[in-house]
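First the structure, in the form of structure tokens, and then the observations on it.
The values are calculated or read from the model by the stated rules, or taken from the named source; none is laboratory data. Only a predicted model underlies this, so the values are computations on that prediction, with no experimental measurement involved. Methodologically, a virtual Cβ is constructed for each residue, glycine included, from the backbone with ideal geometry; neighbour enumeration extends over all protein chains shown.
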């Protein structure tokens, strides 16, 4: 996923806000925890993508840096897949 910072923020911030608001409204501790985990996921995703974008655009000519950015992007994609699986499980409940 290679987005510009404006697109990253436009994508992640609404999801973060939604889950944060759900956590605030929730009454059961288990639901609060689950909603906060989702909110934190979106916050971390936004921060990680912006950091990678910054590194790639400031030091991306270095082959070692390119490899590390690629590895980090693969790791982020795995976390997105894990998050998607969690959301699917929530629908099944």
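Details
- Close pairs (9 angstrom Cβ cut-off, 6 or more residues apart or separate chains): closer than 16 Å to residue 31 by Cα in segment 82-93, outside any helix (DSSP H, G or I) and at pLDDT 90 or above anywhere: none
- Among residues of segment 19-39 being surrounded by 14 or more Cβ atoms within 10 Å (Cβ to Cβ) and free of Cβ contacts under 8 Å to residues at least 12 places away in the same chain, the one that is farthest from the chain's Cα centre (by Cα) is 26.
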